[in-house]
Amino acid sequence: MFSSNSSKMFFFFILINSTLIAISSNSWFGCWIGLEINLLSFIPLITNSNNLLATEASLKYFLTQSIASINFLFSILLKMILLKNFEMIFFLSIMINSSMLMKMGSAPFHFWFPNIVEGLSWLNNFILMTWQKITPMIILSYYFNKNFILIIIIMNVIVGALGGLNQTSLRKLMAFSSINNLGWMFSAIMIAENLWLFYLLTYSFMISIMFFFFYFLNMFYINQLFINNLTPMIKINLLINFLSLGGLPPFIGFFPKWIIINFLIMNNMYMLTFIMIMMSLIVLFFYIRIIYSTFMFNYIKIKWLKIFIKNNNFLFINIFSFFSITGMIISTLFFL
């Protein structure tokens, strides 16, 4: 029998390979096989016999992904049968797009996403919010319907912004933040695949710092940020990374959004740009609200309790936070 860690590593290796199979395939059927292997390798990673929430999340994830896969396979077969019928192309593109949107947890197929995120660990959430977006996004870019995607972008940024307003769970908050960022990713992939890749890498970098923080501090709810007597350095790091994730200049999180806004304005998409910026302000509002409370609240009862992070881990987080501040300043030099 495999040990728990070695089996997890084995499935993680298959997860990486399945994405590469799907994105390098030259047929729709190959893409579908890649997605199926991806699904079957991710479920053992998130299943935990000691945690009922994780087991429930893995079952929900399997059901939603299976429905999306069936829809995708049906669309492929329909496409092969009705290849010469041009009237069906619009319908088929929407079907393929919808199945990929369901795979990613994008609005309006997002209802499973926050529930599943709530049952997973921070590491599994990081994989779900970054790596698991790659395959559906690239398949979507092969065959997207522009008008349909524009509606989806608006839905994503609105749902992501308004859904996160009344959340007390940090995991659900990050889930709605991910939905909001999906809207920006769709805009990026409509412009160029390289821009989408840059946005995904920047977003992955930002949430990796946040998830490391929450993992080391063992935090799952917003009130833990107030109750636990965090050191000032930890609070400053949280401030930097929350503001970067919200897309506030001069942090690195603003840089890809800035490029996307430039391209949208160049293409006369003023209304879309306005909606996206306004919704980003709402996201920034609930981040600032958390940070403000973390800085201002001070529980006298537990003054003796100080939360520290191991030195080597904290040094790593400090370096990443430094990149969040200086990354934007360095990158703007290229535009001068």
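The values are calculated or read from the model by the stated rules, or taken from the named source; none is laboratory data. As the structure is a computational prediction, the values presented were derived from the model and not from experiment. Reconstructed Cβ throughout: ideal geometry from the backbone, glycine too, with neighbour counts over all protein chains shown. Quick note on the areas: whole protein, heavy atoms, side chains included, nothing else; ligands and nucleic acids left out. Shrake-Rupley method; radii C 1.70, N 1.55, O 1.52, S 1.80 Å.
Annotated for the chain: lysine pairs at least 8 residues apart or interchain, Cα distance under 23 Å, count 22.
Label sites at SER24 and TYR215, each approximated as a point 7 angstrom past Cα along Cα to Cβ, lie 2.7 nm apart.
Averaged over its residues, region 6-335 has an accessible area of 46 Å² per residue, based on protein heavy atoms and a 1.4 Å probe. In the chain, a dipole from Cβ-located charges (positive for Lys and Arg, negative for Asp and Glu) runs towards its positive end, and of PHE214, LEU150, SER24 it is PHE214 whose Cα lies farthest in that direction.
Remark: spin-label model distance LEU281-GLU118 equals 3.1 nm, labels positioned 7 Å along the Cα→Cβ axis. Scanning the chain for trypsin sites (Lys or Arg not before Pro) lying in DSSP loops with no more than 14 further Cβ atoms inside 10 Å, the longest uninterrupted stretch between such sites is 85-302.
Dipole check for region 6-335: with +1 at the C-beta of Lys and Arg, -1 at the C-beta of Asp and Glu, and the Cα centre as origin, the magnitude is about 640 Debye. Placing dummy labels 7 Å off each Cα toward the beta-carbon, the span from MET88 to ASN51 is 4.4 nm. Between amide H atoms placed 1.01 Å from N, distances below 5 Å from TYR221 occur with LEU170, all of them 5 or more places distant or on a separate chain. The equivalent ellipsoid of the chain has semi-axes of 34, 25, 18 Å, largest first, where each one is the square root of 5 times an eigenvalue of the Cα gyration tensor. Counting only alpha carbon atoms, the long axis of helix 193-217 and the longest principal axis of the chain meet at about 40°.
By per-residue mean of other Cβ atoms within 10 Å, what is the highest-first order of 264-273, 210-219, 243-252? Let's see the in-between values first.
Numbers: 264-273: 13.8, 210-219: 18.2, 243-252: 22.0.
So the order, starting with the most tightly packed, is 243-252, 210-219, 264-273.
Here region 99-182 was treated as a single set of alpha-carbon atoms; its pair distances binned every 5 Å from 0 give 3, 15, 27, 27, 16, 8, 3, 0 percent. In this calculation the C-beta distance from ARG289 to LEU315 is compared with R0 = 22 Å, giving a FRET efficiency of 0.15.
Roughly how many percent of the accessible protein surface of region 6-335 is carbon and sulfur, given a 1.4 Å probe and a whole-percent answer?
Values: 11350 of 15310 Å².
The computed percentage sits at 74.
In percent, what relative contact order does region 86-169 have, based on Cα pairs under 8 Å that are 6 or more apart in sequence?
It comes to 44 percent, rounded to a whole number.
FRET efficiency for LEU201 and PHE111, Cβ-Cβ distance as r, R0 = 41 Å, nearest 0.05? Write out the running numbers ahead of the final one.
Values: r = 28 Å, r/R0 = 0.69.
It comes to 0.90.
Projecting the Cα positions of PHE297, LEU248, THR64 onto the charge dipole of the chain (unit charges on Cβ atoms of Lys, Arg, Asp and Glu, taken about the Cα centre) puts PHE297 furthest along the positive direction.
Selection among ILE259, MET233, ASN51 by position relative to the dipole of the chain gives MET233 as farthest towards the positive end (Cβ unit charges, Cα centre).
Take every pair of alpha-carbon atoms less than 8 Å apart whose residues are at least six positions apart; their mean separation over the length of region 6-335 yields a relative contact order of 15 percent.
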